[in-house]
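Okay, structure first, notes after.
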Amino acid sequence: MTLRHYAGACALLAGFISAVLLPSAMAQGEDLREFYGKYSKSRGLLGAWMAGSKDYEKANKEHQTSIDDYTRFVVLGNTYRARLVPKSDPTADKLLALPDESMRDVEKGMIKAFELPYGADLLLAYEQGLLKHSQSLLEKSTDQYARLNGSRVLPVIGLGLGSKTRDNKAVLELKGQFEVADGLVQLSNNLLSKAFAGTPRDDGAALYTLRSLKELYRSLATTAPLRTDREKRNAPTALKPDLEEKNLTILADFIEKSPAFLSGAASDEIQGFRLLRREAIRALAANGKAKLGKTSPALTLARVLTRPRAQANPADAFRLDEQVDAAIGLVQTKPEKDFNSNLAAGLVGHFLSEYLAQYGDRANNGELKSFPFAYHAARLNTALTDWTTSTNPSVKMLAQRAKTCLTAMEKRDASAQFQEAELLQNLRKDDLLFTGDAASKIEIAAN
């Protein structure tokens, strides 16, 4: 779809919602009709800015109001409980699609605007508006339905922070990027610390908050190498350390310790918890740091890989897909002083041996019969590419041999093998993940 067609489609969508939504809006009161009217007008302006047919001016009050009206409706429009009855109410799907529409704005709709002089200002205003109204909703509303649907826009904020131009330059200036990033991390810390303690349960909002953190950490990692020395001299180049450390600690604690409210929980609830925990693992893995302050993402990921599958409390056992994400995170951890890269490689290699064994036994394990082994093998294979250029010969060898095995698994080749006992033993000679830190000792128990 071209940008012109995209803008046209947006206009058609706005017209359709107007035709269907407004005649029945009185059921929700005047507020929804007025609310939608402001959104519809601002959507038209946003389409023109994205297409480059009208300039966005950050000091223009009308433009500021339009961005505010648009982002407010994107966050709150799908929280109208009485309107969200899919199939029986054709407007419900349109309201529920608002977060997806905002995702498309960032991924595709704004691409042309990114090349224009006002591109950075438009994206920053968009990000700030989404964050502002998300904060307002999540700080004030106690309605779980509204919190779940309103939080669906959070990953868009994280994704937008990593927007790049066609010539591979970061769109946002550092100052604005980190103002939004710090705000999103602060929001996440406030929400997750309560949700993970079950005071109250807030699993829906927590899910989208975790996804936003994953996108945020990925965005910061992809744009950091694009910054010039001049940019870095005049603006922050990292999240506020106290905010980031608290965030990583919240994630690590949730991953390593099953919450008390799961005691005696039904199997379905435990599976739901594991899905939420997997998102926490992905967010922690995306951070990429071996250690920050008193917390260590790498150590938590290593423990996910090595915890025995047999646990007295079923919620304490990690699923195979959770371990795949932990392995990918360990591969992508930035080497830092005192970090034992050999042990990290040995742990990933040990997991690959376990993964292959599970693959061979899948016919006898009902839970794994439909597990997407080839898909996750491809993900692991891609992640290991960086290790193939490692200056550490043992790590490089591990990666090369692992990739050969994973490539065969991708093709569903039954002859795929990874028999590297001697190499793994050599890599794991030192069982401390951080040199001299006894608390970082990793023990591998037989499953």
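Each value in this text was obtained by applying a stated rule to the coordinates, not by laboratory testing. Quick caveat, the model's predicted, so the values are computed rather than measured. Methodologically, a virtual Cβ is constructed for each residue, glycine included, from the backbone with ideal geometry; neighbour enumeration extends over all protein chains shown.
Pick from Glu34, Glu179, Glu256: which residue has the top mean-square fluctuation in a GNM of the chain where Cα pairs under 10 Å get a spring?
Glu34
With a 10 Å radius around each residue's Cβ, average the other Cβ atoms per peptide and rank 417-427, 62-72, 48-58, highest first.
62-72, 48-58, 417-427
Nearest 10 degrees, 0 to 90: what angle lies between the long axis of helix 373-383 and the longest principal axis of the chain (Cα atoms)?
90 degrees
Under 9 Å from the Cβ of Lys214, count the other residues' Cβ atoms, weight Lys and Arg +1, Asp and Glu -1, and hand me the total.
Once all neighbours under 9 Å are counted, the net charge is +1.
Excluding same-chain residues fewer than 8 positions from Lys61, which aspartates and glutamates have a Cα within less than 13 Å of its Cα?
Asp69
Using the structure shown, select from Lys396/Lys429; Lys294/Lys396; Lys257/Lys369; Lys94/Lys164; Lys140/Lys289; Lys41/Lys169 the pairs with a Cα to Cα distance greater than 26 angstrom.
Lys294/Lys396; Lys257/Lys369; Lys94/Lys164; Lys140/Lys289; Lys41/Lys169
Work out the length of the dipole vector of the chain about its Cα centre, built from +1 on the beta-carbon of each Lys and Arg and -1 on the beta-carbon of each Asp and Glu, and round it to the nearest 20 debye.
Using Cβ point charges on Lys, Arg, Asp and Glu, the chain gives about 480 debye.
Place +1 on the Cβ of every Lys and Arg and -1 on the Cβ of every Asp and Glu in the chain, take the dipole about the Cα centre, and give the residue among Ala51, Leu299, Leu248 whose Cα lies farthest towards its positive end.
Ala51
To test your reading of the geometry: what angle, between 0 and 90 degrees and rounded to tens, separates the Cα axis of helix 267-287 from the longest principal axis of the chain?
The two axes meet at around 90 degrees.
For a label point 7 angstrom out from the Cα of Glu443 toward its Cβ, which stretches of region 285-327 have the backbone nitrogen within less than 16 Å?
Answer for region 285-327: 303-312.
Just need the relative contact order of the chain here, percent rounded to a whole number, with Cα pairs under 8 Å and 6+ apart.
Relative contact order here is 10 percent.
Hey, fewest Cβ within 10 Å first, where do Leu433, Leu275 land in order?
Leu275, Leu433
Taking the Cβ of each residue in Val153, Val171 as the centre, tally the other Cβ atoms inside 10 Å and list the residues starting with the fewest.
Val171, Val153
GNM, the chain, Cα, under 10 Å: largest mean-square fluctuation among Arg412, Arg319, Arg201?
Arg412
Efficiency by 1/(1 + (r/R0)^6): what FRET value for Asp316 and Lys164, r their Cβ-Cβ distance, R0 = 51 Å, to the nearest 0.05?
0.80
Please give the calculated 222 nm ellipticity per residue for the chain, where each DSSP H segment of at least 4 residues contributes -39500 (n - 2.57) and the sum is spread over every residue; nearest 500 deg cm²/dmol?
Result for the chain: -19500 deg cm²/dmol, rounded to the nearest 500.
Count charges around Ile157 for me, please; just the other residues with Cβ under 9 Å from its Cβ, Lys/Arg as +1, Asp/Glu as -1.
Counting the neighbours of Ile157, the net charge comes to -2.
Given the options Phe371, Ala206, Thr79, identify the residue whose Cα lies farthest towards the positive end of the charge dipole of the chain (+1 on Cβ of Lys, Arg; -1 on Cβ of Asp, Glu).
So the residue furthest toward the plus end is Phe371.
Which of the peptides 397-409, 370-382, 345-357 is most tightly packed, and how do the rest follow, going by the mean number of other Cβ atoms within 10 Å of each residue?
Most protected by this proxy first, the peptides run 345-357, 397-409, 370-382.
Lys and Arg at +1, Asp and Glu at -1: add these up for the other residues within a Cβ distance under 13 Å of Lys61 and post the number.
Within the 13 Å Cβ shell, the charges total -3.
Just to confirm the filter: which trypsin sites (Lys or Arg not before Pro) across region 245-276 are DSSP coil and have at most 14 other Cβ within 10 angstrom of their Cβ?
Those satisfying the criteria are Lys257.
What's the exposure ranking of Thr222, Thr389, going from fewest to most Cβ atoms within 10 Å?
Ranked by crowding around the Cβ, least crowded first: Thr389, Thr222.
When the gyration tensor of the chain is built from Cα positions, what are the square roots of 5 times its three eigenvalues, in whole Å, from largest to smallest?
Taking √(5λ) for each eigenvalue gives 42, 26, 21 Å, largest first.
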